[in-house]
Amino acid sequence: MNLRIYRDVLDLSEAAAHLFVEEARRSIVETGRFTVALAGGSTPKRAYEILATEYGGPEDLDWSRVHAFFGDERTVPPDHGDSNYRMAREALLSRVPAGSVHRMHGELDPSEAATLYEEELEAFFGGSPAFNLILLGIGEDGHTASLFPRTPALDVRDHWVIENSVEKFGTIRLTLTVPAINAARRVAFLVAGEGKAEALKEILERNVDPYDYPAKLVSPADGPDWFVDRTAAGLLD
């Protein structure tokens, strides 16, 4: 298990920002570009702010070769307070000269938005998407991206992007599917806070049903990396 435990959310976020830059530099040298799928949430936001302030210059990273995508999105316009795109734009993307930003169009009909994003991924990657890095979090219910427990998207194996009905919130979310996530070269979970401790223990140490804790479905070739603060790791053995 690739588990790293940090003193607090700041240390975790700094480590995640360093991973981002490390993977970006490696990918740019090897392929001429870096592809990343960004996550929403407060912990990734802090990492994005660190990227913008500590690594935002061209001498730190060739941002013109960074291509930013998204792991999931709420069905809201891009300027809405709940939009993952808006958060990432304000924290990072408006502050660095990124090569391109590929947002999910949450303002459209969800089925249309999912189809358009899948087509965009296939056109960009020339077929099956294979991100250099995907950043994820988990919820207290064990969900990741917008793959929620016992929802239809968990069974999807023939699409890269899908609209997912989430009855507990009475809404529909856009999300990368399990195959799209697992095809990435590197996947990193950023998990902070006492509220995540129970779910983290279930996911990492117990033989629970992945349909109850969808983060367990994430299994890229080299396994996901877990960046966890002490409070989230408080129940781990």
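For the range 70-96, the set of residues classified as under 14 Å from residue 113 (Cβ atoms) and assigned to a helix (DSSP H, G or I) consists of 84, 85, listed by residue number.
Please determine whether any residue of the range 60-81 is small (Gly, Ala, Ser) and in contact with a Phe, Trp or Tyr (Cβ under 7 Å, 6 or more places away or on another chain). No, every residue in the range 60-81 fails to be small (Gly, Ala, Ser) and in contact with a Phe, Trp or Tyr (Cβ under 7 Å, 6 or more places away or on another chain).
Entry remark, the range 45-68: residues being over 17 Å from residue 13 (Cβ atoms), assigned to a helix (DSSP H, G or I) and either of a type in the set (A, V, I, L, M, F, W, C) or in contact with a Cys (Cβ under 6 Å, 6 or more places away or on another chain) (or both) number 1 in total.
In a residue-by-residue description of the range 52-59, the property of being in contact with a strand residue (DSSP E or B) (Cβ under 9 Å, 6 or more places away or on another chain), modelled with pLDDT of 95 or more and either on the phi < 0 side of the Ramachandran plot or among the β-branched types (Val, Ile, Thr) (or both) applies to no position. Scan the range 24-49 for residues that are within 21 Å of residue 103 (Cα to Cα) and out of contact with any Phe, Trp or Tyr (no Cβ under 6 Å at 6 or more places or on another chain) and the total you get is 14. Residues of the range 97-120 that are under 26 Å from residue 191 (Cβ atoms), part of a loop (DSSP other than H, G, I, E, B) and modelled with pLDDT of 95 or more: 102, 103, 104, 106. Scanning the range 80-123 for residues that are within 21 Å of residue 172 (Cβ to Cβ) and polar (S, T, N, Q), we see that the one that is surrounded by the fewest Cβ atoms within 10 Å (Cβ to Cβ) is 111.
The lone criterion from (1) on the phi > 0 side of the Ramachandran plot; (2) in a helix (DSSP H, G or I) left unmet by residue 154 is number (1).
For the range 173-193, taking the residues that are among the charged types (D, E, K, R) and assigned to a loop (DSSP other than H, G, I, E, B), the one that is nearest to residue 234 (Cα to Cα) is identified as 186. For the range 129-147, state whether one or more residues are surrounded by fewer than 22 Cβ atoms within 10 Å (Cβ to Cβ), out of contact with any helix residue (DSSP H, G or I) (no Cβ under 8 Å at 6 or more places or on another chain), among the small types (Gly, Ala, Ser) and at pLDDT 95 or above. Yes, that holds for at least one residue.
Is it the case that the range 64-79 has a residue that's over 26 Å from residue 225 (Cα atoms), surrounded by 15 or more Cβ atoms within 10 Å (Cβ to Cβ), touching a Pro at 6+ places or on another chain (Cβ under 6 Å) and of a type in the set (Val, Ile, Thr)? Within the range 64-79, one or more residues are over 26 Å from residue 225 (Cα atoms), surrounded by 15 or more Cβ atoms within 10 Å (Cβ to Cβ), touching a Pro at 6+ places or on another chain (Cβ under 6 Å) and of a type in the set (Val, Ile, Thr).
Restricting attention to the range 194-237, and to residues there that are in a loop (DSSP other than H, G, I, E, B) and in contact with a strand residue (DSSP E or B) (Cβ under 7 Å, 6 or more places away or on another chain), which single residue is farthest from residue 148 (Cα to Cα)? Out of the qualifying residues, it is 230. If the condition is being out of contact with any Ser or Thr (no Cβ under 8 Å at 6 or more places or on another chain), more than 24 Å from residue 197 (Cα to Cα) and touching a residue at least 24 places away in the same chain (Cβ under 8 Å), then the range 131-182 contributes 176, 177, 180. Among the numbered conditions (1) within 25 Å of residue 26 (Cβ to Cβ); (2) without any contact (Cβ under 8 Å) to a residue 24 or more places away in the chain; (3) assigned to a loop (DSSP other than H, G, I, E, B), the only one that residue 123 does not meet is (3).
The values are calculated or read from the model by the stated rules, or taken from the named source; none is laboratory data. These figures come from a predicted structure and were not determined experimentally. Note that we place each Cβ from the backbone using ideal geometry, even for glycine, and neighbour counts take in every protein chain shown.
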